[in-house]
Amino acid sequence: MDVREYIESGILEQYVLCEASDQERREVDCLSKIYPEIKAALSQCEEDFESLSRKNAVAPPRDLKSTIMAELQKHSPEAQKEPSATLLAEKSNNIPKKSTWPVIWAAAASLSLIIAFWQYLQMEKMQVALEEFEEGRDQLLANNEYLRGEVEFLTEDVQQTFDPTYAKIVLDPTEGREGVSISMIWQPETGKVKINLAPLPELPEDRQYQLWVWKEGVPKDMGILPKEFSDVYLSDKLAAEGDAFAITIEPLGGLPDPSLDQIAFYGKV
């Protein structure tokens with residue numbers, strides 16, 4: 001089981017929010033007892049949501065209590081009392097008093113509506129905060145994946161730099177050409193070629209650099225180099241053998257054979 005993938009699936013958040021099914025809840029309960037990582041992530045998730053609730057908690061309106069008390073007072077039996085003369089008249093005529101229960105129920109209903117509306121506003125704010133939290137979490141996960149890829153790429157570059165199976169080649173600018181030397185590495189066993197494009201001078205829109213490998217004076221196309229690229233580039237073609245590499249300036253899209261008068265950089269293996 002991929003514990004990390006399970007943790008990042010969102011099931012723990014659903015568990016804490018009581019949105020998971022019964023089967024999913026039983027699964028989380030079981031796995032959290034088996035895997036310490038899941039138990040720790042579940043505890044952290046609960047703490048995060050509790051912290052989020054406290055952070056976004058909104059105090060009830062100051063006048064809520066007075067509103068409730070006024071509503072109760074309005075419908076209290078004392079407020080419904082009639083003048084004593086009327087009471088005496090009702091008593092003398094044996095007219096029974098009206099029940100106050102409907103009034104109390106109406107007051108309770110009014111209070112319920114006030115409280116329900118306030119709770120609705122609270123839930124709306126919590127939902128917005130939860131969406132912001134999930135968006136931030138997704139962004140952090142995406143950034144984490146990007147950084148992990150960058151670390152793996154840099155680690156691979158370092159390993160190749162010190163790997164004796166890779167040949168380190170320097171392509172110097174030819175006579176009359178501007179620019180600094182270009183570094184590249186080549187692994188004859190696999191034919192892989194990596195070249196640093198950052199130092200290459202910018203070309204006109206209708207021109208493009210093209211990489212070549214020479215073997216006993218015969219050139220072989222290693223592909224055109226991307227114009228919008230300023231990093232270490234892995235050639236899409238392989239060079240199983242060769243004794244020199246060169247970069248020429250060709251029309252956009254490249255040519256099947258190199259323009260020998262347009263060799264910009266050249267280096268022997």
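What follows is calculated from the coordinates using simple rules that are stated; it is not laboratory data. Bear in mind that the values here come from a model prediction, so they are computed numbers and not experimental data. Note that we place each Cβ from the backbone using ideal geometry, even for glycine, and neighbour counts take in every protein chain shown.
Here are the numbers for the structure shown:
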item	result
Amide proton proximity set for M222, modelled H, under 5 Å, gap of 5+	L211, W212, V213
The stretch 167-268 - Rg over Rh from alpha carbon coordinates, Kirkwood radius	0.92
Under 5 Å, built H, 5+ apart or other chain: amide partners of A167	W186, Q187
The stretch 183-266 - percent relative contact order, Cα under 8 Å, separation 6 or more	33 percent
Proximal charge balance of G267 [Cβ under 15 Å; K/R count +1, D/E count -1]	+2
